[in-house]
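To start, the structure itself, in structure tokens.
The values are calculated or read from the model by the stated rules, or taken from the named source; none is laboratory data. These figures come from a predicted structure and were not determined experimentally. Methodologically, a virtual Cβ is constructed for each residue, glycine included, from the backbone with ideal geometry; neighbour enumeration extends over all protein chains shown. When the accessible area is computed, the model is the full protein with side chains, heavy atoms only, and any ligands, DNA or RNA have been set aside. Shrake-Rupley method; radii C 1.70, N 1.55, O 1.52, S 1.80 Å.
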Amino acid sequence: MRDGVMEDGELPAFLDRLGIPGIFDVHVHFMAPEIMAKVQAYFDAAGPKLGRPWPIHYRGTDDERVAALRAAGVRWFSSLSYAHKPGVAPFMNDWTRDFAARTPDTLRSATFYPEPEAADYVPAIIGAGVEVFKAHLQVGNFAADNRLLDPVWAAIEAA
């Protein structure tokens with residue numbers, strides 16, 4: 001423990017003492033490498049939507065980051081990719097689908113954006129097995145009550 005904060009390597013023993021076989025991390029981001037590089041650069045620069053430094057501690061390849069999660073006792077995790085403008089969600093959803101196919105301990109994650117096409121692609125990816133959605137209202141600069149999202153919310157509710 002450093003400064004009263006548990007280190008990653010201490011977590012498995014802590015979980016073992018509690019009789020917990022592993023944990024689920026619901027806030028992990030895995031994205032296409034070119035997108036992840038842009039997100040990391042934004043955080044490194046403490047961009048305007050952050051307003052303060054917010055260092056990213058877990059860097060490296062997807063395989064290195066997955067290994068770090070597993071070593072810390074994380075049994076399941078999400079990939080939480082998100083669309084920041086129209087037309088991006090299908091690309092992000094294809095990437096997270098492929099990531100989940102090669103990473104069996106991740107939830108099949110997807111995203112959407114308020115665009116007419118979302119009324120078709122959201123029900124399709126739900127039918128294909130998506131387990132969790134990530135929508136980032138701040139980054140995408142949209143409201144949850146955008147009328148273009150009505151069919152999206154309806155599809156999610158029905159699922």
(request) Might you check whether a residue that is of a type in the set (Val, Ile, Thr), modelled with pLDDT under 95 and under 19 Å from Val39 (Cβ atoms) occurs anywhere in region 137-146? (result) yes
(message) Against the conditions (1) out of contact with any helix residue (DSSP H, G or I) (no Cβ under 9 Å at 6 or more places or on another chain); (2) open to solvent by 70 Å² or more (accessible area, probe 1.4 Å), where does Pro53 fall short? Just the number, please.
(response) (1)
(message) Here is a list: Ala159, Ala110, Ala128. Which entry is surrounded by 19 or more Cβ atoms within 10 Å (Cβ to Cβ) and under 30 Å from Gly22 (Cβ atoms)?
(response) Ala110
(request) Being assigned to a loop (DSSP other than H, G, I, E, B) and open to solvent by 10 Å² or more (accessible area, probe 1.4 Å) is the filter here, so list the residues in region 79-94 that pass it. (result) Leu80, Tyr82, His84, Lys85, Pro86, Gly87, Val88
(message) Checking Phe133 against (1) part of a helix (DSSP H, G or I); (2) under 27 Å from Val66 (Cα atoms), only one condition comes out false. Which one?
(response) (1)
(request) Starting from region 1-26, keep only residues that are closer than 18 Å to Phe77 by Cβ, then list their pairs with residues that are hydrophobic (A, V, I, L, M, F, W, C) and open to solvent by 60 Å² or more (accessible area, probe 1.4 Å) whose Cβ atoms are within a distance under 6 Å, requiring at least 6 positions of separation or different chains. (result) Phe24/Trp76
(request) Go through Arg97, Arg102 for me and flag whichever is at pLDDT 95 or above, within 17 Å of Ala32 (Cβ to Cβ) and surrounded by fewer than 14 Cβ atoms within 10 Å (Cβ to Cβ). (result) Arg102
(message) Pull out all pairs, ordered by first then second residue, where Cβ-Cβ is under 8 Å, the residues are six or more apart or on different chains, the first lies in region 126-140 and is on the phi < 0 side of the Ramachandran plot, and the second is β-branched (Val, Ile, Thr) and open to solvent by 50 Å² or more (accessible area, probe 1.4 Å).
(response) Ile126/Ile156; Val132/Val26; Phe133/Ile156
